[in-house]
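S.K.: Mind having a look at this structure? Questions to follow.
The values are calculated or read from the model by the stated rules, or taken from the named source; none is laboratory data. Fair warning: this is a prediction, and the values are worked out from it, not measured in the lab. Glycine gets a Cβ as well: all are built from the backbone with ideal geometry, and neighbour counts include every protein chain shown. To get the accessible areas, we keep the full protein, side chains included, count just its heavy atoms, and leave off ligands, DNA and RNA. Shrake-Rupley method; radii C 1.70, N 1.55, O 1.52, S 1.80 Å.
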Amino acid sequence: GGALDLSGYWAISFSDEARPPAAALGIPCQVPGGIHAALIDAGLLGNISEERGFIEAMQWEGKHKWLQRTFDWNPPEQKDPVWLVFEGVDPQCEVFLNGRSIATYRGMFGGPHVEVTDFLREGSNDLLVHLPPEDLATEATRQSLLAGYPKQIDHPRGDKYLKPSQMLGGNDFPRLVSAGIWQP
């Protein structure tokens, strides 16, 4: 059988709690892509290369992100196992197919990969990817290590300790934590 590419426009919604928002319409979000790009495209976030844009981006931290897409599936005559394969989701996710949790994954490369043969239905299927709020203490530590700074884990949110790379010329902008389905 052939592969079904699920790249393209998905819908993204936000919630304060770990359950999908009641209205699942969401804003368009390109996959592969990132949450910040979708917010900019929708006019909900300013230019993130300026300090104001970074500050605006921080309002989306702590939110649960829900990427949703429907797709049609017609089973082939030959009954081979069917796999759902993500090549990169950042930073962690839980995947739901037709309302059932089928996989969790932590890390940004090569996952999750899950057999979905028994979860698919002929015709329309609903795929939902939950990206929980970022762990800012972990992000602070990771950014500090990448930038060569000592670990600063004593601040619960990490606000003061994320430093930009040297190539930004010393500008001291707040953090910008990436999230999204960034690979096909």
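S.K.: Leaving ligands, DNA and RNA out of it, rank 39, 128 by accessible area with a 1.4 Å probe, largest first.
M.R.: 128, 39
S.K.: Return one whole number: the accessible area per residue of the stretch 71-133 in Å², for a 1.4 Å probe.
M.R.: Working: 3550 Å² over 63 residues.
Spelled out: the 1.4 Å probe surface of the stretch 71-133, per residue, equals 56 Å².
S.K.: Using protein chains only and a probe of 1.4 angstrom, how many square angstrom of residue 80 are accessible, to the nearest 10?
M.R.: Surface accessible to solvent at residue 80 totals approximately 80 Å².
S.K.: Follow-up. No solvent, one uniform scatterer per C-alpha: report log10 I(q)/I(0) for the stretch 1-104 via the Debye equation at q = 0.11, 0.15, 0.16, 0.23 1/Å, two decimals.
M.R.: -0.42, -0.73, -0.82, -1.46
S.K.: Tell me which chymotrypsin sites (Phe, Trp or Tyr not before Pro) from the stretch 39-119 have a DSSP coil assignment and no more than 13 other beta carbons within 10 Å of their own. Before the final figure, lay out each step's value.
M.R.: Details: sites: 54, 60, 66, 71, 73, 83, 86, 96, 105, 109, 119; in loops: 86, 109, 119.
Passing sites in the stretch 39-119 are 109.
S.K.: Divide the volume of the convex hull of the Cα atoms of the stretch 1-44 by its number of residues and quote the answer in cubic angstrom per residue. Mind dumping the intermediate values first?
M.R.: On the way: hull volume 4.6 nm³, N = 44.
So the per-residue hull volume is 106 Å³.
S.K.: Compute and list, largest first, the equivalent-ellipsoid semi-axes of the stretch 49-99 from the alpha carbon gyration tensor, each √(5λ) rounded to a whole angstrom.
M.R.: 37, 12, 11
S.K.: For the stretch 46-138, just list the percent of Cα-Cα distances falling in each 5 Å bin from zero outward, please.
M.R.: 3, 12, 18, 19, 16, 12, 8, 6, 4, 2, 1, 0
S.K.: Then there's this: May I ask you to rank 65, 79 by accessible area, largest first, using a 1.4 Å probe over the protein chains only?
M.R.: The ordering from most to least exposed comes out as 79, 65.
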